[in-house]
1. Check whether at least one residue in segment 397-410 is open to solvent by 60 Å² or more (accessible area, probe 1.4 Å), closer than 19 Å to ALA35 by Cα and out of contact with any Pro (no Cβ under 8 Å at 6 or more places or on another chain), and report yes or no.
2. Inside segment 84-123, can you point out the residues that are among the hydrophobic types (A, V, I, L, M, F, W, C), part of a strand (DSSP E or B) and crowded, with 17+ Cβ neighbours inside 10 Å?
3. Find the residue count for segment 237-294, including only residues that are closer than 19 Å to SER62 by Cβ, touching a Phe, Trp or Tyr at 6+ places or on another chain (Cβ under 7 Å) and small (Gly, Ala, Ser).
4. With the condition being open to solvent by less than 40 Å² (accessible area, probe 1.4 Å) and small (Gly, Ala, Ser), I'd like the helices (runs of 4 or more DSSP H) fully within segment 264-351 carrying at least 2 qualifying residues.
5. Of all residues in segment 375-392, which are under 16 Å from LEU353 (Cα atoms) and open to solvent by 60 Å² or more (accessible area, probe 1.4 Å)?
6. Assess whether ASP154 counts as being under 25 Å from GLY232 (Cα atoms), in contact (Cβ under 8 Å) with a residue 24 or more places away in the chain and open to solvent by 70 Å² or more (accessible area, probe 1.4 Å).
7. Which one of LEU2, LEU12, LEU47 is open to solvent by less than 40 Å² (accessible area, probe 1.4 Å) and either within 18 Å of the chain's Cα centre (by Cα) or modelled with pLDDT under 80 (or both)?
Amino acid sequence: MLDNIRMAFASLWANKMRALLTMLGIIIGIGSVIAIVTVGDSLSGSLTDSLQSFGVGNITVSLQQKSESGSAGGAVRMFSMAQPSEEDLITDAMLEEYSAAYGENIYAISLESSLGAGTVGGGEDTATVQVTGVNAQYADANELDLLCGRFVKDSDGERQLAVVSDLACQTLFGRADASVLGQSFQVTVGGKLLTFYVAGVYEYDDSGYFSMTGEDPVTEMYISLAAAQKLGEADEGFQNFTVVAASGTDTAAFLEKTEAFFSSFYTRNESWTVTATSMESLIEEMTSMLNTVKLAISAIAAISLLVGGIGVMNIMLVSITERTREIGTRKALGARRSDIRLQFITEAVVICLVGGALGVALGVGLGSVGASLLGYAAKPSPSAILVAVGFSMAIGVFFGYYPANKAAKLDPIDALRYE
């Protein structure tokens, strides 16, 4: 076997340009597949990491319109913009019953009611805030980092207390420390000028969209739910809320239980029902879609592997023709058919393995460059590299067998007479 491998490399070295052209299809095919898989895995990994930072175990429960057949999300009302009435909303009583039934699976329930965007400050020193009414558990569910003061409490009722970001505090007061607690400020929301008092200051997370685009960030300003519902003249109840599952909870199973629990309140509601989704299910769907796209593009790129394999077969047939007298000499000296067959199969495998190795190097390089240009960390796939190397060997055996078998069947006398 070692002699066969040495002979194969000697043959490649003796015809370097011809060998390189023969391997070109293998190099391009494997390089393309590895590059596509590397970029796809990098994109998938980075998006998954980003989505997980938003809470992979969080369950979002929301109202959804029924179709005329009674199922959620039907085609009949898919594009309608109807709003639920107060009787359709998820109530505090439902939430209390839910908490009592599944308290051991719940870390926090996040409720919110938006008043819309508002402007704080005056003159050139203004900042845009999103005024949102929230419950006390919102801070735990969203991992807010308070710098000073306290978060809103459910017992605050309709008092106009606010928790603002350190950026908004800098705009309003020129500082973001404990000295601003209790200070009043005005915010314009929906054409109304409202006065609030600072109850707490939280640290703004600058890893979001606005930081990446360089635009001025719109920070959240949190007030109590009761105050938001009064100021916005909103109905009592919620169209959606978020549940943070407790540690150790099977999110998928708990999601189904949550959906079944709230859907039971809407069995007689002809227009609305409740659905539950999680970031985990969205990540699985996204990963599945990316894998499908990777597979489809890789299959197209792999066509060049077939072309490369045909090239290997072609060059092996040429090589056999050129070395017919050598084959006759070896057979005359006692070489068996299996020895001749193994020699040429080994040569074909070596050609494909060398091409595969060059293709892997090219693919990893192109994939890393592509991932970097997209702004993601390159993640070459070890499994894809192993498959590529194995596939190279398979191509060598498959496309090398026919020429090798043809060489093995040559009659030694006819081969020695060949000119």
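1. The initial filter retains those residues of segment 397-410 that are open to solvent by 60 Å² or more (accessible area, probe 1.4 Å), namely 397-398, 401-402, 406, 409.
Narrowing the set further to residues that are closer than 19 Å to ALA35 by Cα leaves none.
No.
2. Step one: of segment 84-123, the residues among the hydrophobic types (A, V, I, L, M, F, W, C) are 89-90, 93-95, 100-101, 106, 108-109, 111, 115, 117, 120.
Next, only the ones that are part of a strand (DSSP E or B) stay: 90, 106, 108-109, 115, 117, 120.
Those that are among the hydrophobic types (A, V, I, L, M, F, W, C), part of a strand (DSSP E or B) and crowded, with 17+ Cβ neighbours inside 10 Å: ILE90, ILE106, ALA108, ILE109, LEU115, VAL120.
3. Number of matching residues: 1.
4. Working: elements: 279-301, 303-322, 324-332.
Where helices (runs of 4 or more DSSP H) fall fully within segment 264-351 and carry at least 2 residues being open to solvent by less than 40 Å² (accessible area, probe 1.4 Å) and small (Gly, Ala, Ser), they are 279-301, 303-322.
5. Just the residues of segment 375-392 that are under 16 Å from LEU353 (Cα atoms), to begin with: 384-392.
If the condition is that a residue be under 16 Å from LEU353 (Cα atoms) and open to solvent by 60 Å² or more (accessible area, probe 1.4 Å), then LEU386, VAL387, PHE391 are the ones that fit.
6. On the way: under 25 Å from GLY232 (Cα atoms): yes; in contact (Cβ under 8 Å) with a residue 24 or more places away in the chain: yes; open to solvent by 70 Å² or more (accessible area, probe 1.4 Å): yes.
Judged against the criteria, ASP154 is a match.
7. LEU12
Yes/no matrix, rows are residues, columns are (1) surrounded by fewer than 17 Cβ atoms within 10 Å (Cβ to Cβ); (2) at pLDDT 85 or above:
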residue: ALA176; (1), (2): no, yes
residue: SER184; (1), (2): yes, yes
residue: VAL187; (1), (2): no, yes
residue: VAL198; (1), (2): no, yes
residue: ASP206; (1), (2): yes, no
residue: ASP216; (1), (2): yes, no
residue: ALA226; (1), (2): no, yes
residue: ALA246; (1), (2): yes, yes
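The values are calculated or read from the model by the stated rules, or taken from the named source; none is laboratory data. Small disclaimer: the values here were computed from a predicted structure and weren't measured. Neighbour counts are summed over all protein chains in view; Cβ atoms, including those assigned to glycine, are modelled from backbone coordinates with ideal geometry. Each accessible area value is taken on the protein alone, full model and side chains, heavy atoms only, with ligands, DNA and RNA left out. Shrake-Rupley method; radii C 1.70, N 1.55, O 1.52, S 1.80 Å.
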